[in-house]
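What follows is one structure encoded as structure tokens, with my remarks underneath.
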Ligand code: SF4
């Protein structure tokens, strides 16, 4: 994706230039324990309504519980996936 600057110069957004991985959170399974957004990976996950996890807004795509993250966030997102007691997180 490109973005036009006020001067009409198009540039490739840095976020779009690298590889990304899909992340989903099953909000029906999430218990709101907070492990992902408080401890394991607050850079990717955030506290949503009623404590249910959601993706940080900049990574959301198609809803608050799904999106894409850049490669440099995959390690921490996978740590959250492994730690989630409800197996509600899927990365990749
Ligand atoms: S670790 Fe799992 S159960 Fe806990 S808030 Fe995150 S998604 Fe929900």
Residue 21 paired with residue 87, simple spin-label distance in nm, labels 7 Å along Cα-to-beta-carbon: 1.8 nm
The stretch 18-91 - Rg over Rh from alpha carbon coordinates, Kirkwood radius: 0.91
Proxy reagent accessibility, fewest Cβ within 10 Å first, across 55, 35: 35, 55
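Since every read-out is calculated from the coordinates, none of them should be taken as a lab result. Note that the coordinates shown come from a computational prediction; the quantities given were computed from them, not determined experimentally. We place every Cβ from the backbone using ideal geometry, glycine too, and count neighbours over all the protein chains shown.
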